[in-house]
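Got a structure for you, questions after.
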Amino acid sequence: MRAITYDRHGEATQVLRLSEQPPPAAPAAGQVRVRVLSRPVHQGDLAGVQGFPGAPQGRYATPRVPGLEGMGLVETVGEGVQDLRPGQRVAFFPVPGAWSELLTAPADLVVPVPDGVSDETAALMLVNPLTLLTLLRAVEDAQPGPVVQTAAGSSVGRLLAAAAIRHDIPLVNLVRSAAGAQTLRQRFPGLPTVSTADADWRAQVRDATGGRGVQVVLDAVGGSLTGELAGLLDDGGTLITYGQLGSGSTPLESLALTPRALTVRGVSIGHWLTRTPEERAEDVAFATTLAVTSPDLFEVAADYDLADFAKAVDHVRRPGKSGTVLLTSPAS
């Protein structure tokens, strides 16, 4: 089978390789083997290849395969698996090795794809909605009041915007360009959208919140922007960080956390498995329903064959990209 692998951390286009790998063993009890047809290229996937700050670096004796999310067809099922059958379309998360043509997954992390949901939507229907729920819970834990989100034009950002309208959350969207702001205003005319390319973007945010400081900033950018985002917060506000799309850094002591009683909180979809099985089932039901009722929120920027992974990585990093890039492979 084909797989994209790496044996050391580094820049994705330099360390990733397309190679032939032996197929996984037959599924054990409670497992299924899936032929993967489509999988997204998330920024978190690329960050994992590059290596997270503070994590061990070095070479691996056995090559690793990136990716945790995707969709495909069940090939075989292990003993005791009753709700999945060969030939069934399924989505999965979090299952390591999604950037390969075959993988073995625990059956409880594999979700049947409803009829009428396209393969493209199915490949995206778990991680981003689950991230949305994680962020909404973090917002609920903070003080009520105006919320600002960065990277509002991203896939998660659009889901948040739709949820803000549905739940009457006073949200202000931040994007990097005037063109991106105009596109988002057309899509969500009921929400203020501000471009950080404008010299007066901070004043525009304050105007949008009626002159008040915001209570929560949902930040997927980080880097040198963090200090300016903290400056938007009212005393006692919360900065929730869940990504690192930006460059540069901001010293923690420069945020005046103590005198302003600010909270900085990190949120990661990687902790989703700590929820109870019942809670995870409810979350998956929400994600599946969203894929059925609102497929327009699962926008695909482009799809590339596994062999063209370098082009896919370049597309992910393209300024102004709208939607998620997919890596695909044939059904046989």
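The values are calculated or read from the model by the stated rules, or taken from the named source; none is laboratory data. In this text, all values refer to a predicted model and were calculated from it rather than measured experimentally. Cβ: placed from backbone, ideal geometry, glycine included. Neighbour counts: every protein chain shown. We work out accessible area using only protein heavy atoms, side chains counted, and drop any ligands, DNA or RNA first. Shrake-Rupley method; radii C 1.70, N 1.55, O 1.52, S 1.80 Å.
Please enumerate the residues belonging to segment 138-148 that are farther than 10 Å from T193 by Cα, in contact with a strand residue (DSSP E or B) (Cβ under 6 Å, 6 or more places away or on another chain) and not small (G, A, S). First the steps, then the outcome.
Step one: list which residues in segment 138-148 are farther than 10 Å from T193 by Cα, which gives 138-147.
Still in the list and also in contact with a strand residue (DSSP E or B) (Cβ under 6 Å, 6 or more places away or on another chain): 138-139, 142-143, 145-147.
Passing the criteria: V139, Q143, P146, V147.
Please enumerate the residues belonging to segment 188-201 that are touching a residue at least 24 places away in the same chain (Cβ under 8 Å), of a type outside the set (A, V, I, L, M, F, W, C) and either open to solvent by less than 20 Å² (accessible area, probe 1.4 Å) or in contact with a helix residue (DSSP H, G or I) (Cβ under 7 Å, 6 or more places away or on another chain) (or both).
Taking segment 188-201 and keeping what is touching a residue at least 24 places away in the same chain (Cβ under 8 Å), we get 188, 190-191, 193, 196, 201.
Restricting the remaining residues to those that are of a type outside the set (A, V, I, L, M, F, W, C) gives 190, 193, 196.
Result: G190, T193.
Being part of a loop (DSSP other than H, G, I, E, B) and closer than 23 Å to D119 by Cα is the filter here; which residues of segment 276-323 pass it? Quick ask: steps written out before the conclusion?
First pass over segment 276-323, keeping only residues part of a loop (DSSP other than H, G, I, E, B): 276, 294, 298-299, 317-323.
Answer for segment 276-323, where residues must be part of a loop (DSSP other than H, G, I, E, B) and closer than 23 Å to D119 by Cα: S294, F298, E299, K321, S322, G323.
Conditions first: (1) among the hydrophobic types (A, V, I, L, M, F, W, C); (2) farther than 29 Å from Q244 by Cβ; (3) touching an Asp or Glu at 6+ places or on another chain (Cβ under 6 Å). V90 passes all but one, so which condition is the exception?
(3)
From (1) in contact with a strand residue (DSSP E or B) (Cβ under 6 Å, 6 or more places away or on another chain); (2) under 15 Å from A105 (Cα atoms), pick out the condition that doesn't hold for A29.
Failed condition: (1).
With the condition being more than 18 Å from the chain's Cα centre (by Cα) and free of Cβ contacts under 8 Å to residues at least 40 places away in the same chain, I'd like the strands (runs of 3 or more DSSP E) fully within segment 202-275 carrying at least 2 qualifying residues.
Ranges flagged: 233-241.
Test D219 against the stated conditions and say whether it is open to solvent by 20 Å² or more (accessible area, probe 1.4 Å) and of a type in the set (D, E, K, R). Talk me through it step by step, then tell me what you get.
Numbers: open to solvent by 20 Å² or more (accessible area, probe 1.4 Å): no; of a type in the set (D, E, K, R): yes.
When the stated conditions are applied, D219 does not pass them.
Right, something else. Does segment 156-166 contain at least one residue that is open to solvent by 70 Å² or more (accessible area, probe 1.4 Å) and on the phi < 0 side of the Ramachandran plot? Lay out the reasoning, then the answer.
To start, the set of residues in segment 156-166 that are open to solvent by 70 Å² or more (accessible area, probe 1.4 Å) comprises 165-166.
If we keep only those that are on the phi < 0 side of the Ramachandran plot too, we end up with 165-166.
Yes; the residues of segment 156-166 include at least one that is open to solvent by 70 Å² or more (accessible area, probe 1.4 Å) and on the phi < 0 side of the Ramachandran plot.
Still on this structure, please answer the following. Within the set of pairs 6 or more residues apart or between chains, which connect a residue that is touching a residue at least 24 places away in the same chain (Cβ under 8 Å) and farther than 23 Å from V264 by Cβ inside segment 139-163 to a residue that is open to solvent by less than 10 Å² (accessible area, probe 1.4 Å) and part of a loop (DSSP other than H, G, I, E, B) with Cβ atoms less than 8 Å apart?
So the pair list comes out as S155/G323; R158/A152; A161/A152.
Oh, and also: For residues in segment 23-74 being among the charged types (D, E, K, R) and more than 19 Å from A312 (Cα to Cα), which is most open to solvent (accessible area, probe 1.4 Å)? Give the derivation first.
Quick first cut of segment 23-74, residues among the charged types (D, E, K, R) only: 33, 35, 39, 45, 59, 64, 69.
Next cut, more than 19 Å from A312 (Cα to Cα) only: 33, 35, 59.
Details: R33: 49, R35: 47, R59: 171 Å².
Here the answer is R59.
For S294, only one of the following conditions fails: (1) open to solvent by less than 80 Å² (accessible area, probe 1.4 Å); (2) without any contact (Cβ under 8 Å) to a residue 60 or more places away in the chain; (3) closer than 23 Å to L159 by Cα; (4) of a type in the set (S, T, Y). What is its number?
(2)
Ok, one more. With R318, R280 as the choices, which residue is on the phi < 0 side of the Ramachandran plot and either open to solvent by 50 Å² or more (accessible area, probe 1.4 Å) or in contact (Cβ under 8 Å) with a residue 24 or more places away in the chain (or both)?
Details: R280 fails: either open to solvent by 50 Å² or more (accessible area, probe 1.4 Å) or in contact (Cβ under 8 Å) with a residue 24 or more places away in the chain (or both).
None of the others qualify; the one that does is R318.
Shifting gears a bit: From the list L46, L37, L68, L18, which residue is in a loop (DSSP other than H, G, I, E, B) and within 29 Å of A331 (Cβ to Cβ)? So that I can check it myself, show each step before the final result.
On the way: L46 fails: in a loop (DSSP other than H, G, I, E, B); L37 fails: in a loop (DSSP other than H, G, I, E, B); L18 fails: in a loop (DSSP other than H, G, I, E, B).
Among L46, L37, L68, L18, only L68 is in a loop (DSSP other than H, G, I, E, B) and within 29 Å of A331 (Cβ to Cβ).
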